[in-house]
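The values are calculated or read from the model by the stated rules, or taken from the named source; none is laboratory data. On a predicted model such as this, the values are computed, not experimentally measured, just so you know. Using ideal geometry, Cβ is built from the backbone for each residue, glycine included, and neighbour counts are taken over all protein chains shown. Side chains included, ligands, DNA and RNA excluded: accessible areas come from the protein's heavy atoms. Shrake-Rupley method; radii C 1.70, N 1.55, O 1.52, S 1.80 Å.
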Amino acid sequence: MKIDTILWRRLDTPGHDACRLEQTDTGWRLAGAAAFRHEGVPACLAYQVECDAKWRTSKGTVQGWVGARTVDLIIQRTPAGVWTLHGEVVPHLDGCFDLDLGFTPATNLFQLRRAALQVGQSAAIPVAWLDVADSALHVLQQRYERRNAGMYWYEAPRFGYAASLDVLPVGFILRYPGLWEAES
């Protein structure tokens, strides 16, 4: 079994995230924990996301707290592409294969691995994005363009964010300008 790990430091607010990617018998498991300041209060969130061998999300969990609010979420995606949050169907996520946890850079790995872009290729990749503020899933439109072996141009129009992401071969982001940076 293959295992990769990384530690990030948050740049826009105090915080860190430690993450591990593990190959399983059926695909991949990403597990980590992020401690950071969110809207003026401390937050501590442990997460786990499971994917099939083609890097399509099958299940995700987030547990912890943001200030005084407890967070305990179970997110699933059926093979037919139906997303649920605590067993309740979440509409409008058609065409989303990836769970993107908005509080960590870890989950960008799924889109990068699944898309497997060659240098010069680009793709629009909508994701099921978890907003930790309201514990809800939303469609987040994203665009990636692979500029060289270790760099992608990334755009998230909803946030007016665009930047060059430095990426390790495994898919972990090394530098997410203004947001996260891997610790050496």
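Of all the numbered requirements in (1) without any contact (Cβ under 8 Å) to a residue 12 or more places away in the chain; (2) under 29 Å from residue 117 (Cα atoms), residue 72 misses one, and that requirement is (2).
Taking the residues in region 76-101 that are among the β-branched types (Val, Ile, Thr) and open to solvent by less than 80 Å² (accessible area, probe 1.4 Å) as candidates, determine which candidate is nearest to residue 47 (Cα to Cα). It comes out as 84.
Scanning region 107-124 for residues that are touching an Asp or Glu at 6+ places or on another chain (Cβ under 7 Å) and not in a helix (DSSP H, G or I) returns 107, 122.
Looking only at region 1-19, residues that are charged (D, E, K, R) and free of Cβ contacts under 8 Å to residues at least 40 places away in the same chain come to 1 in all. Hey, among the residues in region 150-184 that are of a type in the set (Gly, Ala, Ser) and in a strand (DSSP E or B), which one's most open to solvent (accessible area, probe 1.4 Å)? Among those residues, the one meeting the criterion is 162. The conditions of being without any contact (Cβ under 8 Å) to a residue 12 or more places away in the chain and either of a type in the set (A, V, I, L, M) or within 21 Å of residue 96 (Cβ to Cβ) (or both) are met by residue 82.
The number of residues in region 4-19 being part of a strand (DSSP E or B) and either polar (S, T, N, Q) or surrounded by 15 or more Cβ atoms within 10 Å (Cβ to Cβ) (or both) comes to 9. Within region 125-135, at least one residue is without any contact (Cβ under 8 Å) to a residue 60 or more places away in the chain and surrounded by fewer than 16 Cβ atoms within 10 Å (Cβ to Cβ). Taking every residue in region 20-44 that is in contact (Cβ under 8 Å) with a residue 12 or more places away in the chain and pairing it with any residue that is open to solvent by 50 Å² or more (accessible area, probe 1.4 Å) and part of a loop (DSSP other than H, G, I, E, B), at least 6 positions away or on another chain, the pairs with Cβ-Cβ distances below 6 Å are 23/1; 23/2; 27/53; 37/14. Of the residues in region 139-146, at least one is open to solvent by 70 Å² or more (accessible area, probe 1.4 Å), under 26 Å from residue 9 (Cα atoms) and part of a loop (DSSP other than H, G, I, E, B).
Any idea which residue in region 52-69 is farthest from residue 114 (Cα to Cα), counting only those that are open to solvent by 50 Å² or more (accessible area, probe 1.4 Å) and among the small types (Gly, Ala, Ser)? Result: 68. Among the residues of region 36-51, what is the count of those that are surrounded by fewer than 20 Cβ atoms within 10 Å (Cβ to Cβ), under 30 Å from residue 78 (Cα atoms) and out of contact with any Ser or Thr (no Cβ under 6 Å at 6 or more places or on another chain)? Matching residues across region 36-51 total 2. Counting only strands (runs of 3 or more DSSP E) that sit wholly inside region 20-104, those with at least 1 residues that are farther than 15 Å from residue 130 by Cβ and within 13 Å of the chain's Cα centre (by Cα) are 27-38, 41-52.
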